[in-house]
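Asks: The structure that follows is given in the form of structure tokens.
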Amino acid sequence: MILPAVLAIIIFFGSLVIIFSEKLHRSITAIAGGALMVIVGRILNFYSEEAALEAIDFNTLGLLLGMMLLVAMLEPTGFFQYLAVLAARASKGKPVRLFVLLSVVTTILAMFLDNVTTVVIIAPVTLLICEIIGISPLPFLMSEALLSNTGGVATLIGDPPNVLIGSAAGFSFNDFLVHSLPIVLFAWAGALFLLLHLFKKDLSIHPRSVKAVMQLNPAETLNEPLVARRILIVLAGAILFFFIHHALHVSPSLVALSAAAMALVWVRPELDDLFKRIEWSVLIFFASLFVMVGGLEAAGVLEAVTGLMERVSSIPPLLFGVALIWIVAVLSAVVDNVPITIALIPVIRGLGASGMEVDPLWWALAFGAGFGGSGTIIGATANIIVVSLSEKTRTPITSKIWNRRGLPVMLATCSIASILYAILYSTF
Amino acid sequence: MNVSSCMKKNVVSISATATVREAAAIIVSKHIGLLPVVDKDQKPVGVIGMRDLLTLELPDFVSFVVDVDFVHDFGAVETTRPSAQTLDKSVKSLMKPAITVEEDCGLLRAYALMLQHNLHDMLVVSKDGKLIGVASRVDIGVAVLSSWGKI
């Protein structure tokens, strides 16, 4: 059994190295790695095609696809711009108030919708609002990315690592609200105050034209009010069912896909346009990573890891959890947090199999993967989006600027999470 | 009929070493929309247009927000001016590649090239590549349409 294990490890870690080096698109690497794993598995007879199919977590994929479809239908209605303009008017052009309101709107959207899409749509409107009142958009763009990343950790559907963890550990939507949301609220508030302090100078500038923001009419930003209303009704229904999915013995993916189906039937959007806004490459990336991890499992690698883990489990569990938050956070700051999460899921499962109480570790993984992304520009997709947008403007966000604000946010949120985690450990 | 019969022959041009500020001054004083950039042999090396200059003042959000109809007041943006640093850059940093036709080029070919490259003015060069004229869409269009009355 040594050869299959060695080859499976080479294929998996080789793919991870290529993904992290960004020499090849991550989805292409994952497809190639997944196919190679199955081919080698068939030749050496350790991994069948049926097993590869079974290894794909369709609960994760279904939940992601369902939510992507809903957001893709909501996006062209102008609803996101509508909220941003409402926030801008409510701020009356006062920079600090605008900063808080836009951050709150972005975070709430990111808690229930894909935060990458949220930032993609909110960032241009933010640029617009800042330019017409005459202040630098830089603090606003950065805080939207940082705070939506932080806020997304609060819910099952807020963040891809959470979807993965929820599915692997069997955590319900409410489990996240009970265990993750309270800690995220503190971490988020801490991050907001820190950012207000770090951007104090930029936010104390008196805007030149407050009048312009009051001339914005939110109603005019809604291109399709009827469609927006229908999708929001469906979305509200979906969120309601997320609260009770566990009691009904229904998976979150069925809730999300049913909601998407209902919205599709009700709205009947132009499909070609809609499908262009779905991130198929993300879904393929996830599916391919699952196939690779399935190969590792079939080759007996995970059993060996579990054996090793038995020694690790002699470490005090609380210390182990806090260490996990920081290790995962540092890794997530420098590389994509999805492969890290997918790779660590079997490890935590292994620890569970060796008799350790692993529920607290799942939460540690969620906090580390979520908060670590703030540390660097490449730590989270939302960061990359606001930075590449800002590079096409007069006020580009450089890595120096990011490191001075993002890194403190990462350290603060991880510290707050670690302290609260240690205090609340017994309840996890 | 070819393009040389309808082009304007008194062409105003600028050298590649001139600044953006100087280009703007010529465009203002001559009331023109396009300024050919030429080397010392009068050969075109690029063009700098009204649009390239106005982009310097246009707010960033215009290129990101698909539909700006709901913005009734551009506020602070209306009084924004490019920095002195931007205005002192050479026209070379802003110019677009020059698309030219030779003087014996037919009217419809010249017009088709302008459509495809989204140009409002076409530079006309002599056989040895020197800039000898500029033909606008209106110049070419009027020359083409003038034959219609004779049918």
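Computed from the coordinates by the stated procedures, all read-outs in this text should not be read as laboratory data. Since this is a predicted model, take the numbers as computed values, not measurements. Cβ placement follows ideal geometry from the backbone for every residue including glycine, while neighbour counts extend to all protein chains displayed.
Asks: Given contacts defined as C-alpha pairs under 8 Å and at least six residues apart, what's the relative contact order of chain B, whole-number percent?
Replies: Working: 212 pairs, mean separation 50.5, N = 151.
Once normalised by length, the contact order is 33 percent.
Asks: Continuing with this model, one more query. More than 27 angstrom separation, counting every C-alpha pair in segment A:106-254; what % is that? Intermediate results must be reported in sequence, preceding the final value.
Replies: On the way: 3929 of 11026 pairs.
Tail fraction, whole percent: 36.
Asks: Related question: Please give the length that would be gained between B:LEU115 and B:LYS8 if that part of the chain were fully extended, namely 0.36 nm times their separation in residues minus their C-alpha to C-alpha distance (nm, one decimal). Show your work: numbers first, answer last.
Replies: On the way: separation 107, 0.36 × 107 = 38.52 nm, distance 1.93 nm.
Contour length minus the Cα-Cα distance gives 36.6 nm.
Asks: Using the 2.2 N^0.38 Å rule of thumb for compact globular proteins, work out how segment A:72-113 stacks up: its C-alpha Rg over that value, please. Let's see the in-between values first.
Replies: Details: Rg = 10.9 Å, N = 42, 2.2 N^0.38 = 9.1 Å.
Dividing the Cα Rg of segment A:72-113 by 2.2 N^0.38 Å gives 1.20.
Asks: Ratio of chain A's C-alpha Rg to 2.2 N^0.38 Å, to two decimals? Walk me through the numbers before you get to the answer.
Replies: On the way: Rg = 22.0 Å, N = 428, 2.2 N^0.38 = 22.0 Å.
Its radius of gyration relative to the 2.2 N^0.38 Å reference: 1.00.
Asks: Something else about it: On a 20 Å Cα-Cα criterion, which of the cross-link pairs B:LYS8/B:LYS150; B:LYS96/B:LYS130; A:LYS392/B:LYS89; B:LYS40/B:LYS130; B:LYS8/B:LYS43 come out too long? List each step's numbers first, then the result.
Replies: On the way: B:LYS8/B:LYS150 24 Å; B:LYS96/B:LYS130 18 Å; A:LYS392/B:LYS89 18 Å; B:LYS40/B:LYS130 10 Å; B:LYS8/B:LYS43 17 Å.
Table pairs above 20 Å Cα-Cα are B:LYS8/B:LYS150.
Asks: Which one, B:VAL38, B:VAL68, B:VAL101, has the greatest fluctuation when you compute a Gaussian network model over chain B with C-alpha springs under 10 angstrom?
Replies: Among B:VAL38, B:VAL68, B:VAL101, the largest mean-square fluctuation in the Gaussian network model of chain B belongs to B:VAL68.
Asks: Another one. Mind checking the dipole of the protein assembly as shown: about its Cα centre, +1 per Lys or Arg Cβ, -1 per Asp or Glu Cβ, Debye to the nearest 20?
Replies: About 1900 debye.
Asks: Same structure again: Counting only other chains, and only Cβ atoms inside 10 Å, what mean value do you get across the residues of A:131-141?
Replies: On the way: counts 10, 10, 3, 6, 1, 0, 2, 0, 0, 0, 0.
Mean partner-chain Cβ count within 10 Å for A:131-141: 3.
Asks: Rg and Dmax in Å for segment A:285-350, alpha carbons only: what are they?
Replies: That works out to 13.0, 35 Å for Rg and Dmax.
Asks: Let me ask you something else. Of the options B:VAL91, B:GLY33, B:ALA135, report the single residue whose Cα projects farthest towards the positive end of the charge dipole of segment B:3-150 (beta-carbon charges: Lys, Arg +1; Asp, Glu -1).
Replies: Among B:VAL91, B:GLY33, B:ALA135, the one farthest towards the positive end of the dipole of segment B:3-150 is B:ALA135.
Asks: In whole Å, largest first, what are the principal axis extents of the Cα atoms in segment B:3-150?
Replies: Cα spread of segment B:3-150 along its principal axes, largest to smallest: 53, 39, 25 Å.
Asks: Hey, in the GNM for chain A with a 10 angstrom Cα cutoff, which one of A:GLU357, A:GLU144, A:GLU270 fluctuates hardest?
Replies: Of A:GLU357, A:GLU144, A:GLU270, the most mobile in the Gaussian network model is A:GLU270.
Asks: Still on this model: Per-residue mean of other chain beta-carbon atoms within 10 angstrom of the beta-carbon, peptide B:55-68? Write out the running numbers ahead of the final one.
Replies: Working: counts 0, 1, 0, 0, 7, 12, 12, 4, 5, 9, 6, 5, 5, 1.
That works out to 5 on average.
Asks: Dipole of segment B:3-150, Cα-centred, from +1 at each Lys and Arg C-beta and -1 at each Asp and Glu C-beta, to the nearest 20 debye? Intermediate results must be reported in sequence, preceding the final value.
Replies: On the way: 16 positive and 17 negative charges, 124 e Å.
Computed about the Cα centre, the dipole is about 600 debye.
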